[in-house]
1. Report, please, the projected area of segment 12-72 averaged over directions, based on the convex hull of its C-alpha atoms, in nm².
2. What net charge is computed for the residues neighbouring Arg44, neighbours being all others with C-beta under 13 Å from the C-beta of Arg44, Lys and Arg scored +1, Asp and Glu -1?
3. With the crude spin-label approximation of a point 7 Å out along Cα→Cβ, what separation in nm comes out for Arg72 versus Ala38?
4. Once label points are set 7 Å from the Cα along Cα→Cβ at both Arg61 and Val23, what is their separation, rounded to one decimal in nm?
5. Among Asn35, Ala20, Ile9, whose Cα lies farthest out toward the positive end of the dipole of segment 9-79, if unit charges sit on the beta carbon of Lys, Arg (+1) and Asp, Glu (-1)?
6. What net charge is computed for the residues neighbouring Lys56, neighbours being all others with C-beta under 15 Å from the C-beta of Lys56, Lys and Arg scored +1, Asp and Glu -1?
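Derivation of every value follows stated rules applied to the coordinates shown; laboratory data play no part. In this text, all values refer to a predicted model and were calculated from it rather than measured experimentally. Here the Cβ positions follow ideal geometry from the backbone for every residue, glycine too, while neighbour counts run over all protein chains shown.
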Amino acid sequence: MKPALNVAIGTRELSAWQVAPGVTWVQVRLPEHANRLAKRSDGRLVVRGMAGGYLKTFEFRHSLAWAQRLIRRYTRQNHTANARINSPACPLARRLAAGVTLEGVNQ
């Protein structure tokens, strides 16, 4: 089954649709996603708007399935690669952060 043209997928902040076979537009409403897309060499900026809020649309010569994978990757909670994990160094602080109470702990 061929993907339908002009059927949007994604969220309000990051969405995509196929405008022609093999051509997909990706629309973003967050500057972080727009900066990531602008750095890609396989796309170009086609629309920029500010009247109703931040809006940029990029064109890519890829399928809608490619855009769906991109949206999934960009909208994951912890999408930053090699990010520092901020965990408490002290064992007691780790227990408190996990919800363990201070009962039974020598004070």
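1. Working: hull surface 15.3 nm².
Spelled out: convex hull of the Cα atoms, projected over all directions, averaged, 3.8 nm².
2. Details: positive: Lys39, Arg40, Arg48, Lys56, Arg61; negative: Asp42, Glu59.
Charge balance in the 13 Å sphere: +3.
3. Going by the 7 Å Cα→Cβ label model, 2.9 nm.
4. 1.1 nm
5. Among Asn35, Ala20, Ile9, the one farthest towards the positive end of the dipole of segment 9-79 is Asn35.
6. Numbers: positive: Arg12, Arg29, Arg36, Lys39, Arg40, Arg44, Arg48; negative: Glu13, Glu32, Glu59.
Cβ neighbours under 15 Å give a net charge of +4.
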